[in-house]
Structures are given as C-alpha cells and as structure tokens.
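The values are calculated or read from the model by the stated rules, or taken from the named source; none is laboratory data. Small disclaimer: the values here were computed from a predicted structure and weren't measured. All Cβ positions, glycine included, derive from the backbone under ideal geometry; neighbour counts span all protein chains shown.
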Amino acid sequence: MIAIVDYGVGNLFSLKSSLSMIGADAIITRNADDLRAANKIILPGVGAFEDAAKKLRATGLDMVVIEQAKAGKPLLGICLGMQMLFDRSFEYGEHQGLGLIAGDVIDMRPQVPANLKVPHIGWNALKLTKPVHPLFRYIKEGDCVYFVHSFYAANCEKATIATAEYGTSLTAAVASGNVVGCQFHPEKSGKVGLNILRAFCEQT
Amino acid sequence: MITKRIIPCLDVKDGRVVKGVNFLGLNDVSDPVKLGQYYSDNGADELVFYDITASAEGRGLFTDILTRVAETIFIPLTVGGGINTLDDFDRVLKCGADKVSVNSGAIRNPALIGEAAKRYGDQCVVLSVDVKRVNGQFRVFAKGGREDTGLDALEWIKRGVDNGAGEIVLNSIDTDGVKQGFDLPMLAAVCELVSVPVIASGGAGGVQDFVTLFTTLPKVDAGLAASIFHFGEVQIPGLKQALHEAGIPMRRI
C-alpha cells in the first residue's frame with residue numbers, strides 16, 4: 001500500500017487516479033500510523049514552500065516522513081514535495097526543508113535568459129544522468145514530462161538523476177538511496193509519467 | 001526546451017460533445033471521456049473542456065464527466081465555461097482540472113482573476129478572450145462573441161496578466177471558422193504585450209496554418225482548435241511530425 005501524504009496542499013485526485021491506473025493500491029492520508037504501515041510514501045505538493053512546510057509541520061507528519069525515510073522506506077517527493085526533501089529553500093526568504101537530500105532550492109529567474117518565461121510551465125525533455133536510475137527503467141532519454149515551477153533544486157549534483165534544458169540545466173529528478181524526487185508531475189505526464197510511477201511502485 | 005503545445009478543445013453540452021465529430025473507429029463520437037482518451041493517446045499535449053450548458057442539471061453532468069476524464073487521462077486539463085466565482089474554480093479543480101479558464105465571468109467581475117490567482121496560483125488561471133476588430137481597434141466581445149463590451153482587448157489582456165492570469169487564450173472572432181489560418185497580426189500584438197504563455201485560437205484550417213503560426217510567431221506557445229481535429233481534417237500525430245520537420249520543438253509519443 002502507498003500512502004499519499006495529505007497536508008492540505010494541492011489536489012491529490014490525479015495522483016491517486018494515476019496510481020490506481022497502474023494497479024497500485026494507494027490511500028490519501030494524514031494519519032501517522034498509515035504512513036508507518038504503508039510500504040511506500042509519496043509526498044506531493046504545489047504552491048509556496050514556506051506555506052507548505054508550515055502546513056506539513058502543523059500535521060506533525062514531517063517527523064514521520066523523516067523517520068520512515070531514514071528507516072529505508074521508499075519515498076517519492078513530487079514538485080514542491082520534491083523540493084521539501086532538501087536542506088533548505090530560498091523561496092521568499094530562507095526556509096528549512098526535511099534535510100533528506102543535500103542541496104538548496106533556488107529561484108530560476110536569475111539563472112535563465114530573460115527571453116524565457118518563468119514559471120517553467122509545459123512539456124520538456126528529460127536528460128537522464130548515466131547510469132540511468134531504476135526510476136527511469138521504463139522510459140528513454142528525451143521523453144517529455146510536464147513541469148510547473150519557478151524554483152528548482154541546486155547544489156545537488158551527486159543526487160541528480162535527470163535534468164531538463166531551459167536556458168540552463170534544471171534539476172528534474174533526484175535520488176539518494178530510498179529517497180527520490182521529481183520536479184515534474186508524473187501524474188500529468190501521460191504514459192511516460194505512468195511508467196515512472198510504475199517503476200517507483202516496483203521499488204523495494 | 002519547452003515544446004509547443006497542440007490543444008484540442010471539446011465543447012460539452014448536457015454531457016455530450018457538441019459540434020460533432022467524425023472519427024474512424026470511434027463508435028460513440030460524442031462521449032467526452034472516449035474523445036478525451038482518443039486525443040490523449042494520439043499526442044494531444046493538453047485538453048480543454050468548455051461547458052456550454054446553461055442549466056444546473058447540465059452543470060452537474062459536466063462535473064461528473066470531468067471527474068471521469070480526470071480519472072482516465074493523465075495530461076493537463078483546462079476547464080472553462082460558466083466560471084463566475086471562486087466556488088466555480090473550486091468545483092472544477094476538485095474534479096481534477098489543472099487550470100481554469102475565465103472569460104465572461106472576468107468581464108462581469110474583473111476581481112475574479114486576482115482572487116483566483118491568489119488562492120490557486122497564477123499557473124491555474126487562464127484568461128480566455130474573444131476579440132474582434134472594430135474600427136481598427138481590437139475589441140473584447142462577451143457572450144460567446146455576440147456582445148461588444150467596448151473594452152480594448154490589449155488593455156484588458158494586460159490588466160488580466162497584471163492581476164495574475166498565468167496564460168492567455170486569444171480567440172480571434174475575425175478568423176474563427178474561416179479556416180484561412182490563425183490571426184497572426186492580433187497574436188503578434190498580444191505576444192509583444194505580455195510575458196505569459198499565449199495560446200492561439202481561431203482560424204486553423206490545416207497543418208500548414210500551425211507551421212506558419214509557430215515559425216512566424218516563435219513567442220506563441222500553443223495552438224488550439226476544435227472542429228478540424230474532431231472531423232479528422234488534421235490528425236495530431238501527422239501535425240506534430242510536420243511541425244517537428246519544420247524545426248518546431250514538439251513532444252513526440
């Protein structure tokens with residue numbers, strides 16, 4: 001069973017439907033015992049980092065996610081949920097993340113050329129870091145996935161497993177042991193996205 | 001690099017797709033769920049569902065359908081039609097929509113754009129505008145293009161973006177239905193004005209019109225059409241192949 005962490009941020013409907021489409025049993029929950037009983041955890045999220053981090057802390061589930069990840073349970077962070085895996089974010093100030101992956105979350109505006117629009121919204125091609133991480137075993141180099149974000153993870157070269165070109169090289173996915181994260185939305189990325197979720201579901 | 005998007009638009013009334021469709025191999029051509037699935041499987045980058053129902057009963061049917069579409073199709077979904085309040089945003093987002101398109105509702109209550117952007121984020125709010133030339137001016141029309149609002153379209157669009165609209169759908173009434181190509185001068189004027197994505201709508205008659213659109217106006221992000229896709233005059237895989245060969249970045253499936 002997969003526990004999707006519900007802390008009042010974003011719409012989890014598509015994520016749950018996409019998991020059910022690939023035959024995975026998932027629940028949307030804010031119960032710590034469900035997170036402990038699950039064999040995998042997904043941390044979703046959209047919106048602003050500070051607000052989301054506060055809401056996650058208010059539920060007390062931040063400590064449970066950290067405890068379970070450190071115990072070796074597969075954890076997938078999606079979009080803002082991926083950014084929260086890092087040490088800290090510089091989105092309007094400086095905010096602490098979960099500290100499960102070393103690195104920072106920074107504003108893309110100063111990094112991308114002025115003629116490119118921010119937020120980075122739309123379909124962009126993945127450049128897979130070699131050797132290809134098992135999360136991508138059912139997809140190929142150049143497959144497109146759907147992004148919606150203005151901030152991105154940096155100073156995380158060791159954990160980076162995929163990037164996307166947007167005037168600069170944006171971190172698209174990261175992994176550190178049992179903890180993985182996607183900046184893009186696999187649940188909105190068509191068959192490619194479903195194949196990434198399938199690979200995560202098969203992770204042990 | 002972000003790919004250019006090809007977006008089919010489905011007008012839904014009382015639970016069925018209207019304007020008619022003519023696909024080989026599709027038995028129920030007016031079922032929004034099956035049509036959505038068909039487009040998703042055939043390379044559409046996003047789907048737009050417009051609710052053109054007037055009754056409360058029809059509205060209920062629409063949200064049921066949207067839920068079913070969102071359960072089976074895993075690409076971005078934009079929903080428009082009958083969006084007048086934040087409750088309307090909430091209603092369709094809960095059904096699985098990713099973006100909400102406002103048109104007449106924003107004309108009646110311009111504060112809606114800012115309120116929605118604040119609550120759901122700019123990326124969620126799409127401002128759809130029906131524009132027609134009147135005495136050399138780009139003028140905003142309401143009620144499905146029947147009523148001249150007197151508003152200057154460029155001012156209206158600029159104001160919408162300043163208030164938080166994250167994307168513009170520009171429907172040219174002058175080229176809509178004529179199938180002689182998109183309204184390039186009107187699109188150029190809007191692209192010059194705003195830095196959010198601009199979606200071209202109205203006038204596509206064939207593959208070449210999309211090639212001309214993206215090669216002439218590199219700032220345009222997407223092309224939207226309805227009947228040419230529904231009637232199979234333009235098949236999305238072939239269209240994307242032609243655009244790819246013309247050097248336009250496309251998502252291939």
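Of these, A:ASN115, A:ASN39, which one is at pLDDT below 95 and out of contact with any helix residue (DSSP H, G or I) (no Cβ under 7 Å at 6 or more places or on another chain)? From the options A:ASN115, A:ASN39, the qualifying one is A:ASN115. Counting only residues that are out of contact with any Leu (no Cβ under 8 Å at 6 or more places or on another chain), under 16 Å from A:LYS117 (Cβ atoms) and in a helix (DSSP H, G or I), how many does segment B:182-222 have? Total satisfying the criteria: 1. Would you check if there is a residue in segment A:153-160 being out of contact with any strand residue (DSSP E or B) (no Cβ under 6 Å at 6 or more places or on another chain) and modelled with pLDDT of 95 or more? Checked segment A:153-160: at least one residue is out of contact with any strand residue (DSSP E or B) (no Cβ under 6 Å at 6 or more places or on another chain) and modelled with pLDDT of 95 or more. Within segment B:140-178, being under 19 Å from the mean Cα position of the chain (by Cα) and basic (Lys, Arg) holds for B:LYS143, B:ARG146, B:LYS158.
Any idea which residue in segment B:32-73 is nearest to B:LYS240 (Cα to Cα), counting only those that are in contact with a Lys or Arg (Cβ under 6 Å, 6 or more places away or on another chain) and within 11 Å of another protein chain (Cβ to nearest Cβ)? The selected residue is B:GLY43.
Scanning segment A:46-80 for residues that are touching a helix residue (DSSP H, G or I) at 6+ places or on another chain (Cβ under 9 Å) and under 16 Å from A:LEU197 (Cβ atoms) yields A:PRO74, A:LEU75, A:LEU76, A:GLY77, A:ILE78. Taking first residues from segment B:132-147 that are touching a residue at least 40 places away in the same chain (Cβ under 8 Å) and partners that are among the small types (Gly, Ala, Ser) and surrounded by 14 or more Cβ atoms within 10 Å (Cβ to Cβ), the Cβ contacts under 8 Å between residues at least 6 apart in sequence or on separate chains come to B:LYS132/B:GLY145; B:LYS132/B:SER172; B:PHE138/B:ALA153; B:PHE138/B:ALA189.
If you go through segment A:1-50 and pick out every residue that is surrounded by 19 or more Cβ atoms within 10 Å (Cβ to Cβ), more than 14 Å from chain B (Cβ to nearest Cβ) and closer than 16 Å to A:GLU187 by Cβ, you end up with 8. Is there a residue in segment A:181-193 that is buried (at least 22 other Cβ atoms within 10 Å of the Cβ), of a type in the set (Gly, Ala, Ser), more than 11 Å from chain B (Cβ to nearest Cβ) and over 18 Å from A:GLY45 (Cβ atoms)? For segment A:181-193, residues buried (at least 22 other Cβ atoms within 10 Å of the Cβ), of a type in the set (Gly, Ala, Ser), more than 11 Å from chain B (Cβ to nearest Cβ) and over 18 Å from A:GLY45 (Cβ atoms): absent. Listed conditions (1) small (Gly, Ala, Ser); (2) within 30 Å of B:GLU192 (Cα to Cα); (3) part of a helix (DSSP H, G or I) are all met by A:GLY47, apart from (3). Counting only residues that are surrounded by fewer than 17 Cβ atoms within 10 Å (Cβ to Cβ) and either within 14 Å of another protein chain (Cβ to nearest Cβ) or closer than 15 Å to A:GLY190 by Cβ (or both), segment A:132-147 holds 4 of them. Just name the residue that is surrounded by the fewest Cβ atoms within 10 Å (Cβ to Cβ) out of those in segment A:86-117 that are farther than 18 Å from A:ASN178 by Cβ and among the hydrophobic types (A, V, I, L, M, F, W, C). Taking the candidates together, the pick is A:ALA114. Within segment A:60-73, residues that are surrounded by fewer than 18 Cβ atoms within 10 Å (Cβ to Cβ) have Cβ atoms under 7 Å from residues that are part of a loop (DSSP other than H, G, I, E, B) in these pairs: A:ILE66/A:LEU98; A:ILE66/A:LEU100; A:GLY72/A:ASN178, counting only partners at least 6 apart in sequence or on another chain.
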